[in-house]
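> Structure below; questions to follow.
Only the coordinates and a few stated rules stand behind these numbers; no lab work does. In this text the structure is predicted, and so the values were computed from the model without any measurement. Cβ placement follows ideal geometry from the backbone for every residue including glycine, while neighbour counts extend to all protein chains displayed.
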Amino acid sequence: MPVKYDVVALGNAIMDVIAQVDDDFLVKHEIPKARTNLITTERCDYLYNALPAARVETSGGSAGNTIAGLRSLGAQAAFMGKVGDDKIGRDYVADMGRIGADFFGKPLVGGAPTARSMIAVTPDGERSMNTFLGASTEFAADDVDADAVKAGAWLYLEGYLFDKPAAKTAFVHASEVAKAAGRKVAITMSDVFCVDRHRDSFVHLIRSHCDLVFANEAELLAIYETEDFDAAVAQIRKDSQIAAITRSSLGSVIVSGADTWTAPVAPAHVVDATGAGDQYAAGVLYGITHGLSLQESAVLGNLCAGEVIAHIGPRPSADLRELAVKAGLKV
């Protein structure tokens, strides 16, 4: 089957609701700061009503945000996930269509509603995510569209989805379909809490199915249960063909075999850190699929992350392709 997409992403189909608040709001509504908190549908409705009316709502989830970044760069991309058979689910699919990304996935009928994430952003740019996973976690192996996977040069797996046994099975199945078709597989660790809950399964998946691993420094240290960054990097070199690691103000590091490439952080005033890692992944994946070196891909990833943290919302507001050209990257 010929390649139609640069990247096909598999992840949680979550409608993101993002608003700026102060720290007193977090205290008042008992929201742990700078963490991902899994909540019930009742808690989701409560926070939706509590958040300020000035808010941004987009079809997100981590992998969904990466797809939006890839489309802004000009890549051909598709998203695979599970929504509920409801208005929010239909809005999610329609919003993906508006950015030019194909959506694959049957809606869940008679079950949980479409997932939503209430994201509270404080003045320091930290985001506290309160996520009702809803229908998104019901994604199973029979939801994998094998033809869509085969049509993508890369399959991109979102760690947040890796929670239920059915989703784990879906990850392995999708990876095996991709590998059988001669495609590449990338995974993002998503969050330390994901790593802590599924460390052994993640390590097995990385070693047996993945060509590229995305992680921030904290996630990388958590994977290998160490506080020594160099030791963790040495281990990921053995486990994955390529690893792309973000280090906040220290920029990012990409390792492959014995080689290491570093890229400085792109200058930006942090307004909202939501989506930084997602857009970094978009830049790196675009670079890898469009002939850029790993060094250039890291620079592009940092550029994309720098754009998204300078405004509210997890998607780029500027044309990432134009920004890349202005930065001298041959995209």
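> Could you work out the relative contact order of region 5-326? I mean the mean sequence separation of Cα pairs under 8 Å and 6+ apart, divided by the number of residues, in percent.
Numbers: 758 pairs, mean separation 59.1, N = 322.
Normalised by residue count, the contact order of region 5-326 is 18 percent.
> Can you work out ³J(HN,Hα) from phi for every residue in region 83-92, in order, using Karplus 6.51 cos²θ - 1.76 cosθ + 1.60 and θ = phi - 60°, giving whole Hz and x for Gly and Pro?
Running phi through 6.51 cos²θ - 1.76 cosθ + 1.60 with θ = phi - 60° gives 10, x, 7, 8, 4, 4, x, 5, 5, 4 Hz.
> As a quick test, which of the pairs Lys164/Lys238; Lys82/Lys164; Lys184/Lys238; Lys4/Lys179 have an alpha carbon distance above 21 angstrom in this structure? Kindly include the intermediate steps, with their values, before the conclusion.
Values: Lys164/Lys238 27 Å; Lys82/Lys164 14 Å; Lys184/Lys238 18 Å; Lys4/Lys179 16 Å.
Lys164/Lys238, as the Cα separations exceed 21 Å there.
> Here is a further query. Order of 295-304, 83-92 by packing, highest average Cβ count within 10 Å first? The partial results should precede the final answer.
On the way: 295-304: 25.1, 83-92: 19.8.
Highest mean packing first, the order is 295-304, 83-92.
> Considering amide H positions built from the backbone, and no H for Pro or chain starts, which residues 5 or more places from Ile39, or on another chain, come under 5 Å of its amide H?
Thr131, Phe132, Leu133
> Turning to a different aspect of this structure: Need one word for region 70-174: rounded, prolate or oblate. Basis is the Cα gyration tensor (sqrt eigenvalues a ≥ b ≥ c); a/c below 1.5 gives rounded, then a/b vs b/c decides. Show your work: numbers first, answer last.
On the way: a/c = 1.44, a/b = 1.18, b/c = 1.22.
Judged from the Cα gyration tensor, region 70-174 comes out rounded (a/c under 1.5).
> Can you order the peptides 146-153, 178-185 by their average number of other Cβ atoms within 10 Å per residue, highest first?
Numbers: 146-153: 20.2, 178-185: 18.0.
Most protected by this proxy first, the peptides run 146-153, 178-185.
> Next up: Starting from the amide H of Tyr156, placed 1.01 Å from N in the peptide plane, find each other amide H under 5 Å away whose residue is 5 or more places distant or on another chain.
Val8, Ala9, Leu10, Ala186
> Okay, moving on. Of (1) 50, 49, 49; (2) 51, 42, 40; (3) 81, 47, 35, which is the value of Cα extents along the principal axes in Å derived from the coordinates here?
After the calculation, the listed value that fits is (2).
> Which order do the peptides 263-275, 54-66, 132-144, 223-235 come out in when sorted by mean C-beta neighbours inside 10 angstrom, highest first? Walk me through the intermediate numbers first.
Values: 263-275: 18.4, 54-66: 24.8, 132-144: 21.9, 223-235: 14.3.
Descending mean neighbour count gives 54-66, 132-144, 263-275, 223-235.
> Taking θ = phi - 60°, what integer Hz values does the Karplus form 6.51 cos²θ - 1.76 cosθ + 1.60 yield along region 271-278, in sequence order, with x for Gly and Pro?
Those phi angles translate into 9, 8, 7, 4, x, 4, x, 5 Hz.
> Sticking with this one: Give, as a single signed number, the net charge of other residues whose beta carbon lies under 13 Å from the beta carbon of Phe139, with Lys and Arg counted +1 and Asp and Glu -1.
Numbers: positive: Lys82, Lys106, Lys164, Lys168; negative: Glu138, Asp142, Asp143, Asp145, Glu158, Asp163.
My count for the surroundings of Phe139 gives -2.
> So what is the calculated 222 nm ellipticity per residue for the chain, using -39500 (n - 2.57) for each DSSP H run with n of 4 or more, over all residues, to the nearest 500 deg cm²/dmol? The partial results should precede the final answer.
Working: 12 runs with 133 residues, N = 331.
Computed ellipticity for the chain at 222 nm equals -12000 deg cm²/dmol.
> May I pose another question? Each residue of region 141-157 in turn: what ³J(HN,Hα) in whole Hz from Karplus with 6.51, -1.76, 1.60 and θ = phi - 60°, glycine and Pro shown as x?
Using θ = phi - 60°, the values come out as 4, 6, 8, 6, 8, 4, 5, 5, 4, 5, 7, x, 5, 10, 9, 10, 9 Hz.
> Right, another one. Can you bin region 224-277 into rounded, prolate or oblate? Criterion: square roots of the alpha carbon gyration tensor eigenvalues sorted a ≥ b ≥ c, rounded for a/c under 1.5, prolate for a/b above b/c, oblate for the rest. Kindly include the intermediate steps, with their values, before the conclusion.
Details: a/c = 2.43, a/b = 1.86, b/c = 1.30.
Here region 224-277 falls in the prolate category.
> Then there's this: Looking at the square roots a ≥ b ≥ c of the eigenvalues of the Cα gyration tensor of region 138-275, which shape do they give, rounded for a/c under 1.5, prolate if a/b is larger than b/c, or oblate? Each step should come with its number before you reach the end.
Numbers: a/c = 1.61, a/b = 1.56, b/c = 1.03.
Prolate.
> Right, another one. Taking H placed 1.01 Å from N in the peptide plane, check which residues at least 5 places from Asp163 or on another chain put their amide H under 5 Å from its amide H.
Lys168
> If you build a Gaussian network model of the chain, linking Cα atoms that sit under 10 Å apart, which residue out of Tyr48, Tyr156, Tyr286 swings the most?
Taking springs between Cα atoms under 10 Å, the residue moving most is Tyr48.
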